[in-house]
1. Please count how many residues of region 389-407 are surrounded by 10 or more Cβ atoms within 10 Å (Cβ to Cβ) and of a type in the set (D, E).
2. Quick test of your reading of the structure: V60 fulfils all but one of (1) surrounded by fewer than 17 Cβ atoms within 10 Å (Cβ to Cβ); (2) modelled with pLDDT under 95; (3) among the aliphatic types (A, V, I, L, M). Name the failing condition by number.
3. Is there any pair with a first residue in region 333-353 that is under 18 Å from S551 (Cα atoms) and outside the structural domain of D266 (by TED's automatic domain parsing) and a second that is among the acidic types (D, E) and crowded, with 24+ Cβ neighbours inside 10 Å whose Cβ atoms are under 7 Å apart and which are 6 or more apart or on different chains, and what are they?
4. Within the set of pairs 6 or more residues apart or between chains, which connect a residue that is crowded, with 19+ Cβ neighbours inside 10 Å inside region 80-99 to a residue that is assigned to a loop (DSSP other than H, G, I, E, B) and among the small types (G, A, S) with Cβ atoms less than 8 Å apart?
5. Out of everything in region 63-74 that is of a type in the set (D, E, K, R) and within 27 Å of R97 (Cβ to Cβ), what residue ends up being modelled with the highest pLDDT?
6. Could you list all residues from region 464-479 that are at pLDDT 95 or above and in contact with a Gly (Cβ under 6 Å, 6 or more places away or on another chain)?
7. Out of N268, N276, which single residue is loosely packed, with under 15 Cβ neighbours inside 10 Å, on the phi < 0 side of the Ramachandran plot, not charged (D, E, K, R) and not in a loop (DSSP other than H, G, I, E, B)?
8. For G663, indicate whether it is more than 30 Å from D565 (Cβ to Cβ), of a type outside the set (V, I, T) and surrounded by fewer than 17 Cβ atoms within 10 Å (Cβ to Cβ).
Amino acid sequence: MKEDFKSVEFAPGKTISVETGRLAKLADGAVMVRMGDTMVLCTVVSAKDAKPGQDFFPLVVDLRESFTAGGKFPGGFLKREGRPSDGETLASRLIDRSLRPLFPEGYYNDTQVICQVFSSDGQNEADVLGAIGASAAFHISDVPFDGPMAQVKVGRIDGEFVINPTIDELSKSDMDMIVAGTKSSVIMIEGEMSEISEAEMLDAIKTAHKSIAKLCEFQEELRNEYGAEKREFTAPEVNETLKQKVEEVAGNKVKEVVGIGLGKEDYNNKLRELKNEVIEEITSEEEYEDAAGEVAGFFEKIEKRELRNMILEKKRRIDGRSPEDIRDIWTQVGYLPRAHGSSIFSRGETQALCSVTLGTKKDAQSVDTLFHEDDKLFMLHYNFPPFSVGEAGFMRGPGRREIGHGHLAERAIKMVLPDFENFGYVIRVRSDILESNGSSSMASVCGGSMALMDAGVPLPKPVAGIAMGMIVGDNNTVVLSDIRGEEDFMGDMDFKTAGTADGITATQMDMKVQGISFEVIEEALAQAHTGRMHILEKMAETISTPRETLSEYAPQFVNMTIDGDSIGAVIGPGGKVIQTLQKETETEIWIEEDESGKGQITISADSLEKAENAKKRIQAIAGQLDEGATYKGTVKAIKEYGAFVEIVPGKEGLLHISELEHGHVKKVEDVLSVGDQVDVKLLKVEHGGKLRLSRKALLPEPEQGE
């Protein structure tokens with residue numbers, strides 16, 4: 001470890017080091033963060049002024065990995081890093097969500113965070129290091145920042161929490177959760193877990209926060225030693241006169257619309273009409289003829305205030321629900337005739353159409369990243385077309401939001417899927433959001449779970465998810481179940497939990513304010529549990545257990561094992577034998593050598609009969625011919641005493657003339673010709689490997705007198 005690195009032990013046996021002042025000195029802030037031999041350079045730059053008319057905070061975060069960091073070449077044809085992987089995108093989102101609440105209100109300057117992984121030891125992952133480095137870089141810079149914050153990962157091995165577990169430790173953990181927070185509170189949570197209780201999750205969050213507090217104190221030390229003086233920032237001045245005028249014209253009318261109790265479309269239409277009327281009325285005055293944008297902004301702030309006040313004071317929501325109420329749910333399965341499984345899940349004005357495709361090992365997604373090289377056997381892909389929110393827009397590839405929502409739903413369901421050894425299908429769930437007004441990712445969890453059961457995937461229990469919200473007032477806090485879009489946008493928390501009746505399998509929380517107490521988190525978890533159980537009951541009215549049989553359109557397959565010495569014979573010179581097998585049996589065959597040296601073979605086909613036929617032929621090649629079994633062979637040669645029939649590539653047996661038919665046969669040629677396909681029974685494997693075959697044994701015996 002270099003002496004100019006400043007270090008802190010933030011958890012038992014876990015040390016992070018930070019260096020600044022050596023690299024990337026033209027950035028507003030830059031630090032190199034190191035844990036083990038994983039090193040991440042984190043840089044931040046923020047424009048000195050906001051663009052004219054800017055009314056949102058344009059923060060962009062990119063975490064990028066370099067294969068060079070692990071001494072590797074990128075896979076594929078191009079030997080250069082390209083577009084970010086899903087893992088990089090997800091890590092960037094986690095950093096963004098942790099930082100965003102920590103900038104002063106009204107700060108709209110273009111701001112960019114770049115975290116580059118320059119060294120990897122293959123054990124200490126870079127995601128949480130990038131978040132800590134980004135916060136430290138902002139904290140020592142002159143950029144206005146209400147941090148510091150820190151992120152840690154929590155695992156649990158044999159009942160004991162482990163902070164920032166290594167990749168090897170995570171493989172033994174029943175939890176993989178990232179928690180971000182300031183010294184005083186939690187601001188972001190995301191992770192997966194194996195059906196843990198709400199109490200266990202709260203304990204994990206509290207354990208994580210102890211390490212977060214130490215890392216925040218460490219960043220304060222960095223600022224005291226290396227920090228620059230913060231640049232002056234004053235939030236844009238508010239036109240109080242215009243604000244008051246909008247209040248006089250629109251205040252009571254907005255309050256009335258908010259309090260009616262409307263669905264999304266009616267609510268938005270009424271509010272849009274009112275806003276246009278207010279803008280037209282105020283801009284008709286010469287003094288405000290160019291103030292349409294400001295009027296709209298003040299109008300939206302009134303809407304937010306009235307929505308929040310109604311919830312805080314009356315415990316009543318836009319659509320008339322109480323804080324604990326969940327919108328109406330209806331579901332259906334088997335909607336798509338050719339998908340291997342399908343479902344529709346509708347909750348209020350959010351609707352997901354989920355479909356399942358079952359595939360074979362060849363359909364697995366190959367993953368080649370800096371920290372992971374494996375085949376992905378379960379995928380959940382989330383699509384969010386613009387019509388789902390009543391808008392027109394371009395249909396492009398999945399953005400960060402789609403990748404993030406799909407990943408969360410995937411994690412929730414993944415925890416209850418059967419092992420590949422027990423259910424040897426690669427599984428893809430596609431969730432298409434057809435309507436959206438709150439928590440479409442949790443609708444994807446519910447719909448995906450139901451579609452998998454409809455497909456016959458042996459889930460031990462269904463999974464459901466719910467999104468919770470929160471409104472923080474001066475004197476009280478209200479937790480909301482099943483939030484809709486406006487409550488998410490204008491509220492202070494978005495807290496999603498998914499799981500079975502027995503525990504939580506995935507969670508995600510984002511805070512828009514600082515200062516959530518553990519008591520509020522505990523209340524939200526308890527209320528979410530009640531909501532999840534209600535949703536599971538509604539799902540069970542349609543389907544509660546997996547179908548007993550798979551779809552007739554799903555691929556059929558069989559697995560088998562052969563000795564390692566036989567792998568070469570099954571493949572053949574240049575793959576000739578296995579290619580011939582696949583063509584003649586109309587199957588697809590994969591062979592992998594396991595750790596013990598055995599050959600693990602998967603055979604897939606559109607019917608079980610074809611797969612079993614291929615299995616018999618492979619057994620024959622591998623010397624595993626079954627006496628008494630039936631094989632379809634090819635006549636290779638004819639002699640006076642019988643025919644030689646190849647029952648599998650490279651394996652011929654004698655079909656004696658006496659075994660052709662029940663009656664007397666004068667000449668073999670009267671029954672068979674070279675090249676004929678013939679079903680034969682293997683009577684015996686004699687010493688030396690000679691095969692005795694019979695066609696007669698498969699023919700019905702003639703009735704007496706014939």
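The values are calculated or read from the model by the stated rules, or taken from the named source; none is laboratory data. Values in this document were obtained by computation on a predicted structure and should not be read as measured data. Cβ sites come from the backbone with ideal geometry, for glycine too, and all protein chains shown count toward neighbours.
1. Result for region 389-407: 1.
2. Tallying (1) surrounded by fewer than 17 Cβ atoms within 10 Å (Cβ to Cβ); (2) modelled with pLDDT under 95; (3) among the aliphatic types (A, V, I, L, M), V60 fails exactly one: (2).
3. V333/D454; G334/D454; G341/D454; S342/D454; S343/D454
4. That search, which allows pairs on different chains as well, returns A91/A126; L99/G147.
5. Restricting to residues being of a type in the set (D, E, K, R) and within 27 Å of R97 (Cβ to Cβ), the top hit is R64.
6. Of everything in region 464-479, just one residue is at pLDDT 95 or above and in contact with a Gly (Cβ under 6 Å, 6 or more places away or on another chain), namely I466.
7. Of the residues listed, the single one that is loosely packed, with under 15 Cβ neighbours inside 10 Å, on the phi < 0 side of the Ramachandran plot, not charged (D, E, K, R) and not in a loop (DSSP other than H, G, I, E, B) is N276.
8. yes
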